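The values are calculated or read from the model by the stated rules, or taken from the named source; none is laboratory data. The model shown is predicted, which means the values in this text are computed figures rather than measured ones. As a convention, Cβ positions derive from the backbone with ideal geometry for all residues, glycine included, and neighbour counts pool all protein chains shown.
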Amino acid sequence: MVKVRQLWEVLVTLGFIADLRRAEGNKEEAVRLLTLVEQHPASLRTTRALATASLSQLANDLPAETYASAVERGKALNLDAVVAALLQLANDA
């Protein structure tokens with residue numbers, strides 16, 4: 001994988017991708033990605049605040065169990081693996 005020196009930019013982009021997933025109706029994936037963004041130590045304060053706000057809205061949109069499960073899966077995500085999977089998706093399109 002390509003080394004990225006500005007992880008915060010990747011995390012901002014993941015936040016935008018999560019917004020797209022939410023708009024497409026894939027709210028659980030949005031929660032997983034936003035949880036990764038919110039929990040990652042390289043996230044900027046503003047990025048983390050936006051992720052937290054979006055997660056709060058999604059918590060109201062999803063059943064509690066579904067939301068909690070998606071958050072737990074998001075906490076287990078690896079940033080490199082997520083980026084690799086998204087790049088593969090883009091290549092397959």
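Confirm whether residue 20 is of a type in the set (A, V, I, L, M, F, W, C), touching a Gly at 6+ places or on another chain (Cβ under 7 Å) and at pLDDT 95 or above.
For residue 20, the condition - of a type in the set (A, V, I, L, M, F, W, C), touching a Gly at 6+ places or on another chain (Cβ under 7 Å) and at pLDDT 95 or above - is not met.
Condition test on residue 42, is it at pLDDT below 95 and closer than 17 Å to residue 12 by Cβ?
yes
Residues of region 1-50 being within 12 Å of the chain's Cα centre (by Cα) and charged (D, E, K, R), which ones?
19, 21, 22, 27, 28, 29, 32, 38, 48
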